[in-house]
Amino acid sequence: MRSSFATLLGAALLAGALAVQAQTPPADAGKGPRGEQRKEMREKMKSAHEACKDKPDKRACMREQMCAKAPDPAKCQAEGKLRMHKQIEERQKMHEACTGKRGDELMNCLQAQRPKHKPEGKK
């Protein structure tokens, strides 16, 4: 008697926990300003990829294409170059910290060195 009661109680608690965990996405997911911005960005990226697919310097071409319709193209270009240099410096620091390692050990070290990104708006 006790074991069947405990089993039923456990099953009820598990079902309740699963019901609490199950969440549906908001009705406005993919709509509104953020959804429109994502769609616009995807379209810009697709057109930039098409324009730059045969170019020898794809990074510069992509940056140029993405900044072409920006309100201030020169500022956009400068920020893109600054972002690229920052990424190069971070990558160099990661590799310096993992000097002398090879194979899986190197991959694990680089993974540990990779900065953790926090979603915007959260602390």
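Brief remarks follow.
- Number of the exception - residue 109 against (1) exposed (fewer than 10 other Cβ atoms within 10 Å of the Cβ); (2) in a helix (DSSP H, G or I); (3) not small (Gly, Ala, Ser): (1)
- Taking the criterion of being touching a Leu at 6+ places or on another chain (Cβ under 7 Å) and farther than 26 Å from residue 116 by Cβ, no residue of region 37-96 qualifies.
- Criterion (surrounded by 10 or more Cβ atoms within 10 Å (Cβ to Cβ), modelled with pLDDT of 90 or more, at negative phi and outside any helix (DSSP H, G or I)) met by exactly one of 75, 86, 55: 55
- Per the conditions (1) surrounded by 13 or more Cβ atoms within 10 Å (Cβ to Cβ); (2) in contact with a helix residue (DSSP H, G or I) (Cβ under 8 Å, 6 or more places away or on another chain); (3) closer than 22 Å to residue 44 by Cβ, the sole criterion not satisfied by residue 95 is (3).
- Test: residue in region 27-39 that is modelled with pLDDT under 90, in contact with a Gly (Cβ under 9 Å, 6 or more places away or on another chain) and not in a helix (DSSP H, G or I): yes
The values are calculated or read from the model by the stated rules, or taken from the named source; none is laboratory data. Worth saying up front: this structure is predicted, and the values here are computed from it rather than measured. Here the Cβ is made from the backbone with ideal geometry for all residues, glycine too, and neighbour counts use every protein chain on show.
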